[in-house]
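Colleague: The structure that follows is given in the form of structure tokens.
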Amino acid sequence: MTKSRIMMLMLLISITFFSVSAQSVKDGNVYRLVNVATGKAFTNGDVAAHNTYLSVADVNENSKGQEWTFVSLSDKDPVFTLYNDNYGQAADMTSNPGRLLQWEATCSDNQAFYVNVVNAADGIVQLLCKNDHSLVLQVQDDASLVMVEDAGGESTYFRLEYIKSNKIENLPVMGRYFIIREKSSGMALNTRGN
């Protein structure tokens, strides 16, 4: 095999791998996140209140607390806010990453997860802190979800089960521009150059 054919084959393989990985998580898709080690789903326990700690529980297809929309925060990196549209809450690492809780969606760094694809074919990912990739979401023995340092293994792996597409347009994503329109007239808010 000639050198140019080998290079072409390597390029084709890398493009194919990148495409599969990039398709694993899509902006606006709603997923159930099932922990590989426990077989239990990431949930808010069907509670809408702020400061509710997130955990894992038995998979329940009727539980709206297990439906999480991935809202993209970056055009170049796989960084997302996990938003539960049913309850108007987002997964939040708090200002000192630790135990995961839910809070109103701000799309701030506390709610920015870097999605590390572990196995694209099976939809297996890890959720890392956007600003510190050594912090990874891990299921604890008490079913709580905690950001821990340099952990690995199946307790940090989540299988994404696609539920539906649900493009969220009204979250305050930093670095993006929004047009605010009055619903009935379609008139847009204008600062008149101020």
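Colleague: Could you say which residue among Val71, Val115 is at pLDDT 95 or above and assigned to a strand (DSSP E or B)?
Modeller: Testing whether each residue is at pLDDT 95 or above and assigned to a strand (DSSP E or B) leaves just Val115.
Colleague: Given the options Leu73, Leu100, Leu82, name the one that is more than 20 Å from Gly28 (Cβ to Cβ) and either among the aromatic types (Phe, Trp, Tyr) or under 16 Å from the mean Cα position of the chain (by Cα) (or both).
Modeller: After ruling out the rest, the residue left standing is Leu100.
Colleague: Here is a further query. Every residue in the range 106-144 that is in contact with a helix residue (DSSP H, G or I) (Cβ under 7 Å, 6 or more places away or on another chain) and closer than 20 Å to Thr43 by Cα, please.
Modeller: Gln126, Val136, Leu137, Gln138, Val139
Colleague: From (1) open to solvent by 30 Å² or more (accessible area, probe 1.4 Å); (2) assigned to a strand (DSSP E or B), pick out the condition that doesn't hold for Asp77.
Modeller: (2)
Colleague: Among (1) open to solvent by 40 Å² or more (accessible area, probe 1.4 Å); (2) within 14 Å of the chain's Cα centre (by Cα); (3) over 19 Å from Asp77 (Cβ atoms), where does Asn116 come up short?
Modeller: (3)
Colleague: Every residue in the range 47-59 that is over 17 Å from the mean Cα position of the chain (by Cα) and open to solvent by less than 70 Å² (accessible area, probe 1.4 Å), please.
Modeller: Of everything in the range 47-59, those that are over 17 Å from the mean Cα position of the chain (by Cα) and open to solvent by less than 70 Å² (accessible area, probe 1.4 Å) turn out to be Val47, Ala48, Ala49, Thr52, Ala57, Val59.
Colleague: Being open to solvent by 100 Å² or more (accessible area, probe 1.4 Å) and modelled with pLDDT of 75 or more is the filter; apply it to the range 144-182 and report the residue that is nearest to the chain's Cα centre (by Cα).
Modeller: Only one residue fits best here, namely Tyr162.
The values are calculated or read from the model by the stated rules, or taken from the named source; none is laboratory data. Model, not experiment: these values are computed from the prediction. All Cβ positions, even for glycine, are placed from backbone atoms using ideal geometry, and neighbour counts span all protein chains on display. For the accessible areas, the whole protein counts, side chains as well, though only heavy atoms, and no ligand, DNA or RNA atoms are used. Shrake-Rupley method; radii C 1.70, N 1.55, O 1.52, S 1.80 Å.
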